[in-house]
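The block underneath contains the structure these notes are about, expressed in structure tokens.
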Amino acid sequence: MADELADKTIGERIQIIRERQGKSRPVLAGLVGRSGEWLKAVEKGRLHPPRWEKLVQLADALGVQNLAELTGDKPPMGATGRATHEAVPAMREAIEETMLSVSAERVPDSATLHQRTADAWHLWHTSPTPRASVGAVLPQIIREARHATRALDGDQRRQAHVALSAAYALSEQVLAWVADSALLWLAADRCMSAAEQADDPEALAGAAWVLGNVWRATGREEDALRLVTDAADLLAPHLNTSGDGTRALWGSCRLHAAITAARLGREGDALRHLDQANNMADRLPADYAHPWTLFGRANTDVTGVSVHVDLRKSGQAIDVAEQINPDQVPSVDRRARLWLEAARAYHQRREHTATLYVLQRATNVSEESMRCHPLSRGIAGELVTLGGRMVQPEARGLAHRLGLTV
């Protein structure tokens with residue numbers, strides 16, 4: 001079989017091994033919690049190779065002992081090892097610690113908690129080192145909000161739960177890609193639990209957006225898609241009577257669904273959700289951005305680039321990206337992500353020089369964000385090994401900036 005697998009892509013290797021074992025696509029896909037259409041798209045190269053965790057599941061379902069039989073001589077994009085960050089230990093302590101009793105003294109009021117949480121979200125979006133900056137203040141906000149939900153009563157208590165849900169939502173952003181999945185799951189679960197205690201539609205939709213992020217990142221795309229669709233349906237009756245925040249969260253859920261559908265290879269659904277989000281963005285003020293999700297005109301356009309990249313329509317992704325002014329993206333992290341998505345598009349086209357240049361731009365905007373994201377690290381590593389001699393020296397320097405050993 002070794003000769004038969006030589007020079008084959010990951011998708012082709014999966015198909016060859018599957019057919020040798022007599023397994024149909026629906027059977028193998030079902031064993032790893034996916035659809036036959038998804039597996040076909042992976043085998044034919046219409047979707048990116050599965051992430052490391054899903055490859056391990058596929059190997060187990062196929063009885064493959066050595067994962068290299070699926071991956072070949074190089075790991076899949078993103079399998080460069082999880083980045084770490086100094087903010088994680090303090091975040092872990094604040095999220096995991098028990099609070100068996102609370103004092104009735106020095107209890108922060110809910111308005112103060114809301115303001116402190118809003119300030120932390122603003123810091124996340126405006127700092128070039130968002131994890132370091134927010135990691136220095138968020139643990140104490142979580143502790144104080146937990147204290148308030150135990151000590152306050154009535155509407156003040158419900159509002160404290162809204163603030164606590166917002167704090168846990170921000171912790172998911174801080175921990176994504178740099179913490180173990182158990183801690184990320186715990187943060188998302190507590191975000192949803194606080195929203196349920198608040199019994200507030202916007203808090204529940206925001207928590208669904210957060211939990212959907214975690215589900216999508218851990219191989220539960222179908223569940224994530226259902227969750228954000230249900231969250232949008234929850235907000236739908238309020239779209240004409242509530243404020244911009246409600247409409248923005250509805251749009252955020254549609255963008256979430258668009259990305260998730262694209263990653264599942266459902267082009268029609270992805271573009272339909274993207275159109276719905278675009279229509280909602282047009283109903284908001286031109287410079288509006290939701291304080292958590294950043295939903296608004298600029299971020300909708302950035303997400304459109306991501307959707308086309310995930311659909312492997314790199315030319316369209318580049319066309320969309322070229323129409324966006326990065327300076328109008330109201331977040332340093334998202335601005336860096338715009339450049340990363342453009343780099344992904346050029347990477348799909350094997351335009352190594354353009355990929356290197358654009359990924360360098362992303363890193364210059366926020367080196368911390370790019371050091372933490374597996375996509376940027378994966379592309380940088382591939383540029384070193386596959387980019388050719390012209391780009392290799394600069395690619396090696398970029399890889400070192402992103403914390404890779406190459």
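Remark: the residue 114-residue 357 segment gains 83.4 nm on full extension, using 0.36 nm per residue and subtracting the alpha carbon distance. Computed from the alpha carbon atoms alone, the convex hull of the stretch 326-406 holds 71 Å³ per residue.
Computed about the Cα centre, the dipole magnitude for the chain is approximately 960 debye when only Lys and Arg (+1) and Asp and Glu (-1) carry charge, each at its Cβ.
When the pairs 44/313; 40/313; 23/54 are compared against a 20 Å limit on Cα-Cα distance, every pair falls at or below it.
Residues 91, 192, 370, 99, ranked from the fewest to the most other C-beta atoms within 10 Å, line up as 99, 192, 91, 370. In the chain, helical runs assigned H by DSSP with n ≥ 4 each contribute -39500 (n - 2.57); averaged across all residues and rounded to the nearest 500, the mean residue ellipticity at 222 nm is -21500 deg cm²/dmol.
The angle separating the long axis of helix 110-126 from the principal Cα axis of greatest extent in the chain is about 30 degrees. Note: the stretch 200-311, Cα convex hull, 84 Å³ per residue. In this simple spin-label approximation, residue 140 and residue 239 carry label points 7 Å from Cα along the Cα→Cβ vector, and these lie 4.2 nm apart. For a straight C-alpha distance cut-off of 13 angstrom, the aspartates and glutamates reachable from residue 8 (same-chain residues fewer than eight places away being disregarded) are 43, 69, 73. Here the simple spin-label model places points 7 Å from the Cα toward Cβ, and for residue 322 and residue 223 these points are separated by 4.2 nm. Taking a point 7 Å out from the Cα of residue 185 in the direction of its Cβ, the residues of the stretch 218-238 whose backbone N falls within less than 17 Å of it are 218-224. Among 346, 168, 288, sorting on how many other beta-carbon atoms sit within 10 Å of each Cβ, with the fewest leading, yields 288, 346, 168.
Computed FRET efficiency, Cβ-Cβ of residue 230 and residue 104, R0 51 Å: what is it to the nearest 0.05? Once rounded, the FRET efficiency stands at 0.85.
When only alpha carbons of the stretch 270-388 are considered, Rg and Dmax amount to 14.3, 47 Å. Name the residue from 188, 114, 156 whose Cα lies farthest towards the positive end of the charge dipole of the stretch 91-197, charges +1 on Cβ of Lys and Arg and -1 on Cβ of Asp and Glu. Farthest towards the positive end: 114. Here the translational diffusion coefficient of the stretch 239-300 follows from Stokes-Einstein with Rh set to the Kirkwood radius across Cα pairs; for 25 °C and 0.890 mPa s it amounts to 214 µm²/s. Taking every alpha-carbon pair under 8 Å whose residues sit at least 6 apart, the stretch 91-197 reaches a relative contact order of 30 percent. Angle of helix 244-263 to the longest C-alpha principal axis of the chain, folded into 0 to 90 degrees and rounded to 10: 20°.
Readers should treat all values here as calculations from the given coordinates under stated rules, not as data from a laboratory. Small disclaimer: the values here were computed from a predicted structure and weren't measured. Every residue, glycine among them, receives a Cβ derived from its backbone with ideal geometry; neighbour counts consider all protein chains shown.
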